[in-house]
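Novice: One structure is given below, represented as structure tokens, and several questions about it will come after.
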Amino acid sequence: MAIESSTFSPHRSGWEAFTLLRGNELVRRYPFLRDGTALRREAEWVGILRAGALPGGAVPADVYETVRTEIGLALEAQGPFDGVLLEIHGAMAVLGHTDAEADLARAVRAAVGPDCLVSASMDLHGNVSRDLAATVDLIACHRTAPHEDEDEARERAATDLLRRVDGAGRPRKAWVQVPVLLPGERTSTRQEPAKGLYEDVARVGALDGVLDASVWVGYAWADEPRCRAAVVVTGDDDAVIAREAERLARRYWDARAEFGLVAPAGSYEECLRAVLASDARPFVLSDTGDNPLAGGAGDVTWTLARLLAEPAFATPPADGGRTAIYAALPDAGAARTVAAAGVGATVEVGATVEVEAGARVDDGPHGPVVLRGVVEHVRADDPLAGIVCVVAVGGLRVVLTERRRAYHLESDFTAIGLDPRGTDVVVVKVGNLETELYEMAEDWMLLLTPGGVDQDPQRLRRTGLGGPVWPFDDDAAFGDGPDLTAELL
């Protein structure tokens, strides 16, 4: 069960958020387990259940517990098994639970018994509590952010599982939590110190006596005791795995103040000045506070309200105005209303003709906005967003969707009639740009905005971390420094 959940967002990730896969459809989802691959031939693979969702708010308890029950019953009914590949994110928040992935791992362990090996594949933005690390036998995460090695990490977890099932047996794990909690936009492996750190992780993973090495940066937009960085080194040589886990943990702690934002950042006013003074096209702005790929509700209108009032975009480009794309604003009712108006129609209500949109879920930073413009494109069958409409308001194109989704591929825009490369500024609800958008942007800034995944961690009130965590607590809270002694599990 894989989802990243902000506990600071009012959004709830119910059944509508999840895609369920079972049986061979699930097995074939993974490139390394498709028909004819080496790993597929090495074992009989059984697809139990995968419930996966776009990041969002916390999961209602009944949704999680129903999935957990089905997984446990199916494992009991279709076993016995030699091994289980458990795909989790590590930052799933469930209402009424404080360590959902550990709870899920315990349910898996109860279903398969003590002799079955369990290998967990995780996102590096997940959290590794002692309970989770102790319950599974092998645990591994991605080594790139933005993620370019998701399938490679899952294949590593599957390969390690088969190797140990084949006779090497249950390995040892050296686990260390590091009391640092930073957002992904500060821990990108495109830049130092994360770049060098994760190169070191790969080197440790190749040492004699080591099976795997992983470092998690944790999930910055949840308020739970497990939320902090962690290191796990797995292998058969206790001295080596403990030494290397402690060394990686110390390296992370010592570098804590060196982690900087992955791009220049600023307020709305600062970013707008930079955009208007630049010849770069497209100039991409990340509307970071409401990033649905990090767990934001997606419908915060704080930035859009300012763009709609901005004189630079009020004049159509034919009359000399600047052009912008805003992607995207989810509002099911508004999207249906706009779609019904039809391409080329003026979106209006009554004599004035207008539609109110956004802030249906998260209205804390700003209420709904009024869109008054021309419908330029309608698509009714987007596999993620459902209905998608493009509304032109002066030189600004607003992407209005039925459901939440992120826009980070050029094809996401061209499929709805937009030309991002030919647009002055593209505002996207993401944080760290995914590879294709990153390469397309001639310039880029992080727009520091409010929302459930606010880049200013001090603006989000935290009471559940359960002890000092940097940067929420200053260095004085740690005395001579945290205890980074590895615990062998």
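Novice: Taking the chain as the reference, fit the longest principal axis to its C-alpha atoms, fit the long axis of helix 100-112 to the helix C-alpha atoms, and give the angle between the two in degrees, 0 to 90, nearest 10.
Specialist: Computed tilt is about 40 degrees.
Novice: Turning to a different aspect of this structure: So if I place +1 on the C-beta of Lys and Arg and -1 on the C-beta of Asp and Glu, and nothing else carries charge, what would the dipole magnitude of the range 34-142 be about its Cα centre? I want it in debye, nearest 20. Can you show the working numbers first?
Specialist: Working: 8 positive and 16 negative charges, 37 e Å.
It comes to approximately 180 debye.
Novice: Roughly what % of DSSP beta bridges within the chain run antiparallel, to the nearest 5? Present the calculation step by step, with values, prior to reporting the outcome.
Specialist: Numbers: 35 of 71 bridges.
Given both bridge residues lie in the chain, the antiparallel proportion sits at roughly 50 percent.
Novice: Continuing with this model, one more query. Working from Cα positions, state the angle (0 to 90°, nearest 10) between the long axis of helix 238-254 and the longest principal axis of the chain.
Specialist: 30 degrees
Novice: At most 13 other Cβ atoms within 10 Å and a DSSP loop assignment: could you name the GluC sites (Glu not before Pro) in the range 1-110 that fit? Can you show the working numbers first?
Specialist: Working: sites: GLU4, GLU16, GLU25, GLU42, GLU44, GLU65, GLU70, GLU76, GLU87, GLU101; in loops: GLU4, GLU44.
Those satisfying the criteria are GLU44.
Novice: If exposed means no more than 12 neighbouring beta carbons inside 10 Å and the site is in a DSSP loop, what's the longest run of the chain without any exposed trypsin sites (Lys or Arg not before Pro)?
Specialist: Here the longest run is 35-460.
Novice: Follow-up question, since we're still on this one. Just to be sure I understand: of the beta bridges DSSP finds with both ends in the range 279-429, what percent are antiparallel, rounded to 5?
Specialist: Values: 16 of 30 bridges.
Percent antiparallel among DSSP bridges in the range 279-429 is about 55.
Novice: Over the range 173-282, what is the relative contact order in whole percent, taking alpha-carbon pairs under 8 Å and six or more residues apart?
Specialist: Working: 164 pairs, mean separation 37.9, N = 110.
Relative contact order here is 34 percent.
Novice: Report, largest value first, the span of the C-alpha coordinates of the range 19-114 along each principal axis, in whole Å.
Specialist: Here the spans come out as 42, 30, 17 Å, largest first.
Novice: Could you give the semi-axes, largest first, of the ellipsoid that matches the range 105-236, computed as the square roots of 5 times the alpha carbon gyration tensor eigenvalues and rounded to whole Å? Write down the numbers at each step before the final one.
Specialist: Details: eigenvalues 116, 62, 30 Å².
Working from the Cα gyration tensor, I get semi-axes of 24, 18, 12 Å.
Novice: For the range 356-415, take the alpha-carbon Rg, divide it by the Kirkwood Rh, and send me Rg/Rh. Display every interim value, and only then the final one.
Specialist: Working: Rg = 12.2 Å, Rh = 12.6 Å.
My calculation puts Rg/Rh at 0.97.
Novice: Projecting each Cα onto the charge dipole of the range 277-376 (Lys/Arg +1, Asp/Glu -1 at the beta carbon, about the Cα centre), which of VAL361, ALA280, ALA335 comes out farthest on the positive side?
Specialist: Positive-end residue among those listed: ALA280.
Novice: Taking only Cα atoms, what is the 0 to 90° angle, nearest 10, from helix 268-277's long axis to the longest principal axis of the chain?
Specialist: Value to nearest ten degrees: 70.
Novice: Name the shape class, rounded, prolate or oblate, that the alpha-carbon gyration tensor gives for the range 446-489, where a ≥ b ≥ c are the square roots of its eigenvalues, rounded holds for a/c under 1.5, and otherwise prolate holds if a/b is larger than b/c and oblate otherwise. Please report the intermediate quantities before stating the final value.
Specialist: Details: a/c = 2.54, a/b = 2.04, b/c = 1.24.
Taking the square roots of the gyration eigenvalues as a ≥ b ≥ c, the range 446-489 is prolate.
Novice: Please report the carbon-and-sulfur percent of the accessible area for the chain; probe 1.4 Å, protein heavy atoms only, DNA, RNA and ligands left out. Working shown, then result.
Specialist: Numbers: 8980 of 18610 Å².
Carbon and sulfur together cover 48 percent of it.
Novice: Picking from GLY52, ALA38, TYR64, whose Cα lies most toward the positive end of the charge dipole for the range 24-64 (charges on Cβ: Lys, Arg +1; Asp, Glu -1)?
Specialist: Value computed over the given set: ALA38.
Novice: Assign unit charges at the C-beta atoms only (+1 for Lys and Arg, -1 for Asp and Glu), then state the dipole size of the chain relative to its Cα centre in Debye, rounded to the nearest 20.
Specialist: On the way: 48 positive and 77 negative charges, 86 e Å.
Here the chain has a charge dipole of around 420 debye.
Novice: Can you list the equivalent-ellipsoid semi-axes of the range 1-47, largest first and in whole Å, using the square root of 5 times each Cα gyration tensor eigenvalue?
Specialist: On the way: eigenvalues 203, 24, 11 Å².
Three semi-axes, in Å: 32, 11, 7.
Novice: Let me ask you something else. Going by average Cβ neighbours within 10 Å, how do the peptides 275-282, 323-330 rank, with the highest at the top? Walk me through the intermediate numbers first.
Specialist: On the way: 275-282: 15.1, 323-330: 25.4.
Taking the mean over residues of other Cβ atoms within 10 Å, the ranking is 323-330, 275-282.
Novice: Output needed: percent of Cα pairs per 10 Å distance bin for the chain, bins running from 0 to the one holding the longest distance.
Specialist: Going out from 0 Å in 10 Å bins, the chain shows 4, 19, 28, 24, 16, 7, 2, 0 percent.
Novice: Mind listing the Cα extents of the range 74-173 along all three principal axes, in Å, largest one first?
Specialist: Principal axes ranked by extent give 35, 33, 25 Å for the Cα atoms.
Novice: For the range 428-448 and the range 40-97, what is the separation of their C-alpha centers, rounded to whole Å?
Specialist: Comparing the Cα centres of the range 428-448 and the range 40-97, I get a distance of 32 Å.
The values are calculated or read from the model by the stated rules, or taken from the named source; none is laboratory data. Just so you know, these numbers come straight off a predicted model, no measurement behind them. Don't worry about glycine lacking a Cβ; one is built from the backbone with ideal geometry, like all the others, and counts go over all protein chains shown. Only protein heavy atoms, including side chains, enter the accessible area calculation; ligands, DNA and RNA are left aside. Shrake-Rupley method; radii C 1.70, N 1.55, O 1.52, S 1.80 Å.
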